[in-house]
Amino acid sequence: MALVLAIGVLLCLAGVVLLLNLFGAGDYVIGRVTSRYLGDLPPGYAASKRGFRIYATLVLAVGIVCLGVGLLGSLVPIAAALIVLGALIFGIASVIAIAGEVETARKPKI
């Protein structure tokens with residue numbers, strides 16, 4: 001459980017750093033990763049600021065769930081609340097990300 005807790009802390013930290021664009025991390029990832037072609041797929045929703053924030057929120061949500069799972073052995077009520085909160089955030093952010101990807105895919109190509 002300690003490993004899952006450590007992974008949760010790292011994912012939460014990464015999500016917060018990306019979400020708040022600390023140290024220019026968000027701009028770096030957008031410029032180096034999400035704005036480039038991935039095989040045959042052109043850059044999409046994740047290359048936009050709005051899309052990137054949603055994907056950073058998804059990373060944070062997975063981290064929250066991992067924190068909850070890591071705490072199951074010792075703090076069950078807090079762990080359960082974290083799992084539910086992370087799953088809820090993940091579900092809502094996933095719907096927003098899918099809608100954004102569809103909207104981006106349907107835009108006319110120039």
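At-a-glance table
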quantity	calculated
Inter-residue pairs, beta-carbon under 7 Å, first touching a residue at least 40 places away in the same chain (Cβ under 8 Å) and in segment 62-84, second part of a loop (DSSP other than H, G, I, E, B), 6+ apart	Gly70/Met1; Leu72/Met1; Gly73/Met1
So Ala46, is it modelled with pLDDT of 90 or more, outside any loop (DSSP other than H, G, I, E, B), of a type in the set (A, V, I, L, M) and in contact with a helix residue (DSSP H, G or I) (Cβ under 9 Å, 6 or more places away or on another chain)	no
Gly51 being of a type outside the set (S, T, N, Q), at pLDDT 75 or above and under 22 Å from Ala99 (Cβ atoms)	yes
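The values are calculated or read from the model by the stated rules, or taken from the named source; none is laboratory data. Values in this document were obtained by computation on a predicted structure and should not be read as measured data. Heads up, the Cβs are rebuilt from the backbone with ideal geometry, glycines too, and the neighbour counts pull from every protein chain shown.
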